[in-house]
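Here is the structure we will look at.
The values are calculated or read from the model by the stated rules, or taken from the named source; none is laboratory data. Worth saying up front: this structure is predicted, and the values here are computed from it rather than measured. When we count neighbours, we look across all protein chains shown, and the Cβ atoms used for this are built from the backbone with ideal geometry, even at glycine. Each accessible area value is taken on the protein alone, full model and side chains, heavy atoms only, with ligands, DNA and RNA left out. Shrake-Rupley method; radii C 1.70, N 1.55, O 1.52, S 1.80 Å.
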Amino acid sequence: MEKRDFLHITDFTKDEIFATLDLAKEIKESFKNRSDFKPFKDQTLAMIFAKPSARTRISFETGFFRLGGHALYLGPSDIDVGKREAVKDIARVVSRYNDMIMARLFDHKHIIELAEYSSVPVINGLTDFNHPCQIMADIFTVLEHKGNLDDLKIVYIGDGNNIVHSWLALAQRIPFKFVCACPPGYVPDENIVKAARDAGLSDIEISHDPKTAVKDADVVYTDVWASMGKKHEFDERVKRFKGFQVNDDLMSATGKSSSLFMHCLPAQRDVEVTDSVMESKNSIVFDEAENRMHMQNAIMLKIAGIR
Ligand code: CP
Ligand code: NVA
């Protein structure tokens, strides 16, 4: 069997995405029941981190352990990806010891190269370009809360970053209305916007007006204004992103009392989102965080060919 990686949501077909959503639901149930399903018994997952993480590390380490395996944390001082040795060398070395690799890297080209030279499946745990596990967990969370994905309108407010790119990848596989409201100069990559539009499934809009954008939103989503690797731009960005904070006024502008609030976390409270919105009854950020683990377990089982 040829090995499979999960580097982009588009690595899965539409049917595979729906099958993974079903599997995540099943895995979540069995996790809560402490079932004895241990398909990764005697296996190891190497987790390579070039950037900090709470959710990604904890959810992969806990999830892989609960499915019977052992996960190794390799931080920036263990493997300085692309600097201490060539990516293609570390790919082959880590593959000789482990059954699967999850990596969080800066340069997206590095994860492509890691996967190309690894003999075991590679999962993308975030790069500067995208964050596919996050958006798979997010759509699973939306499905749990809404019961279906019909006529869905997702409005993202803030920086046109890696999170937006993965929403745009999902939009190439399943239909929904997606609006990214961002300041001029902070728009998502034009090639992925074009790919999402060319796929002809979803309605994609780039806006600079948050108040109009959120009208009728089922989900209002935001992320930090300065991502990892861009933290030095924070002060400048706070000025540029004025008016793009998700606050009670913006949530009211959806015109729907049922609009959900989502954030991949970590959040900077009272910067991109107010404390009040984070704590509101419409906020599903902690379900979203929990679902990272169930969705990633489902993704690992799929690419390992176990389910
Ligand atoms: N959402 C997310 O990936 O969180 P961490 O950066 O803490 O892993
Ligand atoms: N856009 C953020 C996401 C963190 C999970 C970052 O890349 O830092």
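Remarks
- Among the residues making up the range 200-228, those that are assigned to a loop (DSSP other than H, G, I, E, B) and open to solvent by less than 50 Å² (accessible area, probe 1.4 Å) are Ser202, Val214, Ala217, Asp218, Asp223, Val224, Trp225, Ala226, Ser227.
- Pick from the range 214-243, criterion over 16 Å from Val187 (Cβ atoms) and among the charged types (D, E, K, R), ranking: nearest to ligand 1 (Cβ to nearest atom): Lys231
- Checked against the criterion of being at pLDDT below 95 and surrounded by 14 or more Cβ atoms within 10 Å (Cβ to Cβ), the candidates Arg307, Arg240 yield just one match: Arg307.
- Filter result for Leu168 (open to solvent by less than 20 Å² (accessible area, probe 1.4 Å), over 20 Å from Ser259 (Cβ atoms) and not small (Gly, Ala, Ser)): yes
- Residues located in the range 51-81, provided they are among the hydrophobic types (A, V, I, L, M, F, W, C) and either over 22 Å from Lys109 (Cβ atoms) or not in a loop (DSSP other than H, G, I, E, B) (or both): Ala54, Ile58, Phe60, Phe64, Phe65, Leu67, Ala71, Leu72, Leu74
- Enumeration of residues in the range 106-140 that are open to solvent by less than 10 Å² (accessible area, probe 1.4 Å), more than 13 Å from ligand 1 (Cβ to nearest atom) and under 30 Å from Leu260 (Cα atoms): Ile139, Phe140
- Contacts under 6 angstrom Cβ, first residue in the range 83-106 being over 17 Å from Thr127 (Cα atoms), partner of a type outside the set (Gly, Ala, Ser) and open to solvent by less than 10 Å² (accessible area, probe 1.4 Å), 6 or more apart: Val94/Ile101; Met100/Leu45
- Selection count where residues are over 19 Å from Phe6 (Cα atoms) and not hydrophobic (A, V, I, L, M, F, W, C), scope the range 74-114: 12
- So Glu113, is it under 30 Å from Asp216 (Cα atoms) and part of a helix (DSSP H, G or I): no
- Any hit, the range 244-255, residues being surrounded by 14 or more Cβ atoms within 10 Å (Cβ to Cβ) and within 14 Å of ligand 2 (Cβ to nearest atom): no
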